[in-house]
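No lab work stands behind these numbers, since they all come straight from the coordinates. None of these values were measured; they are calculated from a predicted model. Positions of Cβ are backbone-derived with ideal geometry, glycine not excepted, and every protein chain shown enters the neighbour counts.
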Amino acid sequence: MAGIFILLFYYFLGTLVAYLIGNFIPGSIMGMLLLFLSLVFKIIKPEQVRKSATFFLDNMMLFFIPLGVGLVASYALIGKFLTAITIASAVSTVLVLVVVALIAQKMEGKKDA
Amino acid sequence: MHNLIHSQLFLLTFTIGVYVVALWSYRKTKIMLLHPLITSLLVIIAGIKTADIPYQEYAEATKIIDFMLGLSVVALGYLLYEQMTHMKGNITAMVTAILVGSVVGIVSVILIAKALGADPRIVASLEPKSITTPIAVTVCAHSGGIPALTAIVVILVGIFGAVIGPFVLKKLGIESKLARGLALGSAAHAVGTARAMELGAVEGAISGLAIGLMGVVTAVMVPVIEAIMRFFE
């Protein structure tokens, strides 16, 4: 239960910090960053959250379902732009693959040399 | 009977039941297109259509599941910590590659989608397409997109990236294990990581780290890039 409390607390803290900086990034993401930093700086121990975090991480897919069912509500809009969605996503994915692979290989090689 | 089917108890039981069966059939068959999220969504959408349950009512009944999504995003902070502490290698190379990759991914998808005339809500839904679903849907909802579309696009991008990834890397002559793992994880998140693990343990581990880094960097870069683009419009 302490683990659940820590996750809830960081979610709340993240939402609060996000609010204070004008909701520039979502509260849960701010919470994730704060939890990560707290673990790095040993403010909390990994054992304290391991069990609860693992539960949420293992069942993550379930948590998208209510959002995903929202597809029914925006069906028409998506259908209208299907070509744009497909082309933009496919081309951009290849670009990410190429850019990351080339930069990583080049920089790694430099350090080894 | 009508009231029972429209009850929160039934809708929660139905949703989690469908998910458990979808997960089980995915693990049995290992067919990538039978991704449990895709099959669950199809079955549930068909179910609520048949029972004539409006989406608003379904969303209201399953609010508690949606709330858990926020907690699982926070839990990713723990995963990121575990991956970072077990990680050795050229950190500067990894961070630079991910940073550039993230920006290229966001900017390219915005420009192409806009050039093809996509609606702003569609563009906002595509911006986080390369990152892990929980962060992607959160970022999408925050920038006014359609989270449902993001969830589907993210999975399909993952499958696409994992299928063509090794081929593209071969064409480019990428030999480095670090570069291969990093590219697959950053372009195709968890599906890419599953593929990277087939290439080797090192590629798999680095790919797992790439998911986290790409997620965090993209979550921060999307609002920044949106602000810059608004400035130039």
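Ranked from highest to lowest mean number of other Cβ atoms within 10 Å per residue, what is the order of the peptides A:56-62, B:3-9?
In decreasing order of mean packing, A:56-62, B:3-9 become A:56-62, B:3-9.
Sum -39500 (n - 2.57) across every DSSP H segment of at least 4 residues in the protein assembly as shown, then divide by the residue count to get the 222 nm mean residue ellipticity, nearest 500.
-28000 deg cm²/dmol
Could you work out the local net charge near B:Thr39, counting Lys and Arg as +1, Asp and Glu as -1, over the other residues with Cβ closer than 14 Å to its Cβ?
+3
Give the cross-link partners of B:Lys49 among the aspartates and glutamates, using a straight C-alpha distance below 19 Å as the criterion and excluding same-chain residues fewer than 8 apart.
Correct list for B:Lys49: B:Glu57, B:Glu60.
Across peptide B:96-103, how many C-beta atoms of other chains are within 10 Å of each residue C-beta, on average?
Averaged over the peptide's residues, the number is 5.
Is there a simple number for the mean count of other chain Cβ atoms within 10 Å of the Cβ of residues in A:16-22, and what is it?
0
Sorted by packing (mean other beta-carbon atoms within 10 Å per residue), highest first, where do B:166-174, A:15-23 land?
Order by mean packing, descending: B:166-174, A:15-23.
Remind me, relative contact order of segment A:1-69 in percent, using alpha carbon pairs under 8 angstrom and six or more residues apart?
It rounds to 35 percent for segment A:1-69.
Just to confirm the number: angle between the C-alpha axis of helix B:177-199 and the first principal axis of chain B, 0 to 90 degrees, nearest 10?
Orientation of helix B:177-199: about 10 degrees from the principal axis.
Go through A:Lys106/B:Lys30; A:Lys80/B:Lys129; B:Lys30/B:Lys177; B:Lys129/B:Lys170 and tell me which ones have a Cα-Cα distance over 28 Å in this structure.
Cα-Cα > 28 Å for A:Lys106/B:Lys30; rest within.
What percent does the relative contact order of chain B come to when contacts are Cα pairs within less than 8 Å and at least six residues apart?
17
In peptide A:71-84, how many Cβ atoms from other protein chains are near each Cβ within 10 Å, on average?
Counting other chains' Cβ atoms within 10 Å and averaging over A:71-84 gives 6.
Could you give the dipole magnitude of segment B:77-232 about its Cα centre, charging the beta-carbon of Lys and Arg +1 and that of Asp and Glu -1, in debye to the nearest 20?
220
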